[in-house]
Amino acid sequence: MYSTLVLNEPHASLEGLYDADKSYWEIDADFLNNVVIKWTDWHTDFLFHGLQDARVRTVRFPYSRFIVDAERLWQDPLETVGQGIVYKNFDGHRRIVPAQSEQTLLGLWKWHQRRLSSQLSEGALLLDCHSFP
């Protein structure tokens, strides 16, 4: 028996895609239809919120994975192909992020990691919530 169930929802948002200080993507129909719609974890906030119990804690990343992938590791091996914490290449779409902005975006990742780790304790189970395509 686990003392706490921590639900991590890292990819359920679209926020930030139209924010000039965060996005840096060329938002066109191809990017939206073939990348964003396909790779966003739709409705995980609804799928997993049926677990109403004082021992269940949810940590939802409020930005799109195409702003920051909150589930990537620091120095993630996928960084070599442009898919680390701050994506720079995804399915043929490229993104150029100024160095100062990248530091700000990495701060969002760190913020999520702190929030997530603050909910974990001895006896907790971490459940990553996804709705893969």
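Here the alpha carbons of region 1-74 define both size measures, Rg and Dmax, at 14.6, 47 Å.
Straight-line cross-link partners of residue 110 among the lysines, defined as a Cα under 16 Å from its Cα and at least 8 positions apart when in the same chain: 22. The calculated 222 nm mean residue ellipticity attributable to helices in the chain amounts to -6000 deg cm²/dmol, summing -39500 (n - 2.57) over DSSP H runs of n ≥ 4 and dividing by all residues. Between residue 18 and residue 127, the distance separating the two model label sites (each 7 Å from Cα on the Cα→Cβ line) works out to 3.4 nm. Which of the listed residues, 127, 84, 106, is farthest toward the dipole's positive end in region 76-133, when Lys, Arg count +1 and Asp, Glu count -1 at the beta-carbon? After comparing all options, I get 106. Per the Kirkwood definition applied to all pairs of different Cα atoms, how many angstroms is the hydrodynamic radius of the chain? When all Cα pairs of the chain are included, the Kirkwood radius is 15.6 Å. Can you compute log10 of I(q)/I(0) for region 60-133 with the Debye formula, treating each Cα as one identical point scatterer, at q = 0.25, 0.28 Å⁻¹? Debye output, listed in q order: -1.28, -1.44.
All of the numbers you see were taken from the coordinates with simple rules; none came from a lab. Remember, it's a predicted structure, so these values are computed and weren't measured experimentally. Neighbour counts run over all protein chains shown; Cβ positions are idealised from the backbone, glycine included.
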